[in-house]
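All remarks here apply to the structure that follows.
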Amino acid sequence: MATGRADVARDRRSAADAVDTRERAIGSVVESRGHDLVDVELAGGVLRVTVERDGGLDLDELGEVSRLLGALLDERPELAPSGHYELEVSSPGLERRLRRPAHFVKALGGRVAVRTIAGTPGERRFEGTLRAADVDAITVTDDGGAEHRVPYPAIDRAHTVFDWRAALAGGRASASSATTGSQAS
């Protein structure tokens, strides 16, 4: 039996709805502990949940969030990935990954490193100050003053860059302002 375009579109909507439902349920548990949900990612059999809270999280609290999320996924198997998977709960760290427009908005004014997908016009890798993040793209000004406007679909990977030299010298780190504060998605 052939699958038509309407069937493919319906399957994609259904998969997206399942992801949204999973994120909302996970977000509810995370927020009940007074934390912010930063990201949920399913990759290679690992369900990664990234959370944070003003003032940071210790290992005991991350363990408690992991326990609660494990119980949620056991109680509601439709939220769990199919087959064998591992649940990983962590905080985003100093050099945090940027995947969603909201992540880029929180990092405005900070230093970022960007790698674009192969075939994207311009430099494939660059680092600089994140000047803008709108609904379609980001704009980064590199150290030479060149401006790079990159649509979100052209971004392969991006993350904030923490200024270790300034931090070790006792100065103010020049990573995004979100690297030591709270960030929600």
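Derivation of every value follows stated rules applied to the coordinates shown; laboratory data play no part. Not measured: the values here are computed from a predicted model. Cβ sites come from the backbone with ideal geometry, for glycine too, and all protein chains shown count toward neighbours.
Worth pointing out:
- Taken about its Cα centre, the range 5-90 carries a charge dipole of about 500 debye when Lys and Arg each add +1 at the Cβ and Asp and Glu each add -1 at the Cβ.
- Label zone (residue 143, point 7 Å along Cα-to-C-beta; backbone nitrogen cut-off 15 Å) within the range 104-135: 111-114, 125-130.
- Projecting the Cα atoms of 122, 103, 169 onto the charge dipole of the range 101-179, computed from C-beta unit charges around the Cα centre, puts 169 farthest toward the positive end.
- Working value for the range 101-179: equivalent-ellipsoid semi-axes of 22, 13, 10 Å, each the square root of 5 times a Cα gyration tensor eigenvalue, largest first.
- Since only 73, 35, 55 are under comparison, the one whose Cα sits farthest along the positive direction of the charge dipole of the range 5-90, derived from C-beta charges on Lys, Arg, Asp and Glu, is 73.
- Both radii are taken from the alpha-carbon atoms of the range 5-90; with Rh as the Kirkwood radius, Rg/Rh is 1.02.
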